[in-house]
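Read-outs throughout are calculated quantities, based only on the coordinates presented, and are distinct from any laboratory measurement. Quantities reported herein were computed from a predicted structural model and do not represent experimental measurements. Cβ coordinates were reconstructed from backbone atoms using ideal geometry, including for glycine residues, and neighbour counts include every protein chain displayed.
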Amino acid sequence: MPANKLVLMVLAVLVAAPAPAPADPDAPALERLVRQDCGSCHGLSLKGGLGPDIRSGALGHHDRASLTSLILDGIPGTAMPPWRPLLSEADATWIAGYLLNGAEE
């Protein structure tokens, strides 16, 4: 799938998503992004698919900063796109922590 089409699909999902609860405004939308958008390549259970397993046990070689960087900048030459055009650094840091702390549970 061309990167432009993927970006447009992700934007459509984010725009159509209901507003998150005011108590923690970003967490529900970001969790949904991980489950749906990341899950489209990494498997809906995050155990792997087109992309590798991204459950906490498989990410042990990453710390929060390196995983945040990988999320924001992608992996050139692979299907892992850069999410920097769509996510803030704070959002990517939250996602990295979510994955490292056991999103699969």
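A few notes on this one:
- Between Asp26 and Leu86, the modelled label-to-label distance comes to 1.6 nm, taking each label 7 Å out from Cα in the direction of the beta carbon.
- Applying the Karplus relation 6.51 cos²θ - 1.76 cosθ + 1.60 with θ = phi - 60° to the range 53-69 yields 3J(HN,Hα) values of 4, 10, 6, 3, x, 7, 9, x, 7, 9, 9, 4, 5, 5, 5, 4, 4 Hz, where x marks Gly and Pro.
- Each Cα pair under 8 Å and six or more residues apart adds its separation to the average, and for the range 26-100 the resulting relative contact order is 29 percent.
- Net dipole in debye of the range 30-105 [+1 Lys, Arg Cβ; -1 Asp, Glu Cβ; about Cα centre; nearest 20]: 120 debye
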